[in-house]
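Student: Here you go, one structure.
The values are calculated or read from the model by the stated rules, or taken from the named source; none is laboratory data. Source: prediction; values computed, not measured. Glycine gets a Cβ as well: all are built from the backbone with ideal geometry, and neighbour counts include every protein chain shown.
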Amino acid sequence: MTLSDAGPDGLSRRGPDRRRRPTPILSRYSFYGGRRRGGRRAGETADTFVDLYSFRVWLALSLFLLLNLLDSHFTLIYLQRGGEEGNPVAIALLASGIGTFILVKAVGIGLAAALFCLLKNFKNGRRGVFLALALYQALLLYHLSLYFNLVPGSVEP
């Protein structure tokens, strides 16, 4: 018996592997009813797509989305206090209205979170999540320092 004849549990199987293709990036199991959390065979854990996602992945992506919402919230508070936005894309969105700013930012970050979720088993996907979380946490600390007037020359409430 060769490795390709054995299933993930090491038992013999009749015929070739049923799955002729690797798991696609999106399938009907991506959102409901998936079973596979890892690769089909030993050693197939990196650079693969899976049907289900761990609690840790959902927690990291929820934190990513929460930090994005806090960024939007504190940005709007700072602008109401008389501060100025430094991001030219955000300036253009704010010129279109607060609703547009929040909607476009939420949709963009939501798509990024979905992409990070799909690419969770890829090394660069994990790096992207951790980098985004680190940057958003630093941005939150900056927003809090502005909110509590800890930065010299910040806008008074």
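Student: Out of A132, A138, which single residue is loosely packed, with under 13 Cβ neighbours inside 10 Å and part of a helix (DSSP H, G or I)?
Tutor: So the residue among A132, A138 that is loosely packed, with under 13 Cβ neighbours inside 10 Å and part of a helix (DSSP H, G or I) is A138.
Student: Determine the pairs where a residue that is in the same structural domain as L65 (by TED's automatic domain parsing), located within the stretch 90-112, has a partner that is assigned to a helix (DSSP H, G or I) and hydroxyl-bearing (S, T, Y) with Cβ atoms under 6 Å apart, the partner being 6 or more residues away or on another chain.
Tutor: Pairs found: L93/T100; I102/S72; K105/S72.
Student: For the subset of the stretch 61-87 comprising residues that are part of a helix (DSSP H, G or I) and without any contact (Cβ under 8 Å) to a residue 12 or more places away in the chain, which member is farthest from L118 (Cα to Cα)?
Tutor: Per the criteria, the residue is Q80.
Student: Let me ask something additional. For the list (1) part of a helix (DSSP H, G or I); (2) among the hydroxyl-bearing types (S, T, Y); (3) surrounded by 13 or more Cβ atoms within 10 Å (Cβ to Cβ), I need the number of the one condition that Y53 fails.
Tutor: Tallying (1) part of a helix (DSSP H, G or I); (2) among the hydroxyl-bearing types (S, T, Y); (3) surrounded by 13 or more Cβ atoms within 10 Å (Cβ to Cβ), Y53 fails exactly one: (1).
Student: Let me ask something else. With (1) part of a helix (DSSP H, G or I); (2) surrounded by fewer than 15 Cβ atoms within 10 Å (Cβ to Cβ) as the list, and P157 as the residue in question, which single condition is left unmet?
Tutor: If we test P157 against (1) part of a helix (DSSP H, G or I); (2) surrounded by fewer than 15 Cβ atoms within 10 Å (Cβ to Cβ), just (1) comes out false.
Student: Something else: I'm trying to understand the selection: among the residues of the stretch 78-106, which are of a type in the set (A, V, I, L, M) and farther than 23 Å from A134 by Cβ?
Tutor: Scanning the stretch 78-106 gives L79, I91, A92, L93, L94, A95, I98, I102, L103, V104.
Student: Which of the residues spanning the stretch 114-128 are modelled with pLDDT of 90 or more and buried (at least 18 other Cβ atoms within 10 Å of the Cβ)?
Tutor: Scanning the stretch 114-128 gives no hits.
Student: Answer with yes or no whether L94 is exposed (fewer than 13 other Cβ atoms within 10 Å of the Cβ) and outside any loop (DSSP other than H, G, I, E, B).
Tutor: For L94, the condition - exposed (fewer than 13 other Cβ atoms within 10 Å of the Cβ) and outside any loop (DSSP other than H, G, I, E, B) - is not met.
Student: Can you name every residue in the stretch 97-128 that is assigned to a helix (DSSP H, G or I) and of a type in the set (K, R)?
Tutor: K105, K123, R126, R127
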